[in-house]
Structure formats: structure tokens, C-alpha cells
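Data block below; observations after.
All of the numbers you see were taken from the coordinates with simple rules; none came from a lab. Worth saying up front: this structure is predicted, and the values here are computed from it rather than measured. All Cβ positions, glycine included, derive from the backbone under ideal geometry; neighbour counts span all protein chains shown.
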């Protein structure tokens, strides 16, 4: 059985889909933060291993992209704990899904 995330929308009201709205300005702000983090030694070290977080395959570091475990569109932030190296195929397949959602 697949896991289901239940979100309380109000007293006695539950849904599998959270009522979360993330503004375009917040997404733009978080993308700018991610852009700055890509220039740091921390990110260069994360990519240097060359391992995709999702498929576990090895890639040249310049072929890895920065992915948000919790997507910006779902309220994720551009913080180190939420950023992982991902190959282009995995990142494109994942899109705005959470890591436990099949992609």
C-alpha cells in the first residue's frame, strides 16, 4: 500500500492534497537563493562526488543539477537540507513531486 499524506484543512476536514499556495514572488526569491548557493564551495563539494541522489548513478559533476527535495511549488526552501544533486533525467522526471511520490 502506498503512503498517503493526509492534511487537515479545517476541523474534521482531511484531504490528500494540501491547501498550500506559494506565491510567484516567493518562488522567485528561493530560486535566487539557489542560484547563489550553486556558487559556493558547499555545492561544488556536493557535486564533486558525482552521484545522483535519486538513481545513485555516477555522472561528471557538471552533468548534475540542483534539485529541491521538497519542491518550491510545494513550499520547499533553498536551504542546504533541501538541496541535492540530481542527474538531468531524474530531475526532469521528478518535476514538482515529493521524494516519496513515484516518478
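Extent of the range 22-94 along its three principal axes (Cα atoms, max minus min coordinate, largest first): 35, 27, 17 Å. Taken as Cα centroids, the range 78-103 and the range 21-52 sit 12 Å apart, rounded to the nearest whole angstrom.
Ranking of 100, 59 by neighbouring Cβ atoms within 10 Å, starting from the fewest: 100, 59.
The residues 72, 83, when put in order of fewest to most other Cβ atoms within 10 Å, stand as 72, 83. Between residue 48 and residue 103, the modelled labels are 2.7 nm apart [label points 7 Å from Cα along Cα→Cβ].
Neighbour counts of other Cβ atoms within 10 Å put 84, 22 in the fewest-to-most order 22, 84.
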